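Here the structure comes first, spelled out in structure tokens, and everything after it is commentary.
Computed from the coordinates by the stated procedures, all read-outs in this text should not be read as laboratory data. Computed from a predicted structure; not experimentally measured. Here the Cβ positions follow ideal geometry from the backbone for every residue, glycine too, while neighbour counts run over all protein chains shown.
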Amino acid sequence: MTQKKELQRNYTFADTSLRRKAIGVTDCVMRDFDFYITRGVTLVRLNIFEEMIEAFDSLPDDAQMLGNVIIATEVRNKKAEDLRVAIRTHRNMVENKWGIRSFKYRIYKFDRLNQNSDETLHRLARAVRMYTPAQLADLASEGLTQEKIDNINNLDAIFEDAIDHQLAAVGARDIQTQDRILKGNLIYKEMLRLCNIGKDLFFKTDPARYNDYIIYDAPKRKPKTGAKKKGNAGKGKNEKM
């Protein structure tokens, strides 16, 4: 199965700048609407464009989505550590009772306890659930009770929920990011179309209005001695004269 490629922004400025520029272009088009109507631009299409901008502005920003991921990750890490502490205590009981070379110790694979892997931690918790009931009577002298076994099981379930929540937060951020890029690209495409029309309308008749439809400002450069001036500086992707 072919993996779907991630979307890329077609514009080089920030999303906040895209919104500001798009609103500015809309205002200019309304000002010059008598000219634009000759190019097939209608109020209906302009209203749709404004709704696109408003919908784009209402999307949660990435900082908020990233904050959700960070919080969910911190919760997952805390629940993982709670589970490790409980399993570590159980490991101490088994080691004190039979020693680290015994089969009853080695079946748990306690050496994996400090590995930074959610699946490995789950496996250790499952090992406690599988092997400990038969050892409960023998380990009672070390302080093991059914309540402590149940606690490890409960901590494992809580840890699993925290993993699911963290993965959901990461997935939500990824989806939101792609949705924002898609909507932003659509706004940029329509803004570019309107600006290209505006520059064509006022290319030789009104320099001030022509400049209103330039999306990317030309970079300021110091002229070099003997160098010829170059036109069309600072234009963005697909931006035309």
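Summary of values
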item: Close Lys-Lys pairs in the range 81-220, where close means Cα under 28 Å and separation is 8 or more or interchain; result: 10
item: Size-normalised alpha-carbon gyration radius of the chain, reference 2.2 N^0.38 Å; result: 1.77
item: Charge sum, other residues only, whose C-beta stays under 14 Å from Asp161's C-beta, Lys/Arg counted +1 and Asp/Glu -1; result: -2
item: Mean separation of Cα contacts under 8 Å (6+ apart) over length of the chain, as relative contact order %; result: 30 percent
item: Over the range 48-157, relative contact order from alpha-carbon pairs under 8 Å, at least 6 apart, %; result: 27 percent
item: Low-density loop positions, trypsin sites (Lys or Arg not before Pro), the range 65-118 - DSSP coil, at most 15 other Cβ in 10 Å; result: Arg101, Lys109
item: Sites matching chymotrypsin sites (Phe, Trp or Tyr not before Pro) across the range 1-97 that sit in DSSP coil, with at most 13 neighbouring C-beta atoms within 10 Å; result: none
item: Residue among Asn68, Asn77, Asn151 with the largest mean-square fluctuation in a Gaussian network model of the chain, springs linking Cα atoms under 10 Å; result: Asn151
item: Ranking of Tyr105, Tyr213 by count of other Cβ atoms within 10 Å, fewest first; result: Tyr105, Tyr213
item: Distance from the range 26-82 to the range 94-142 (C-alpha centre basis), Å; result: 52 Å
item: Cβ-based exposure ranking for Ser17, Ser58, in which fewest neighbours within 10 Å come first; result: Ser58, Ser17
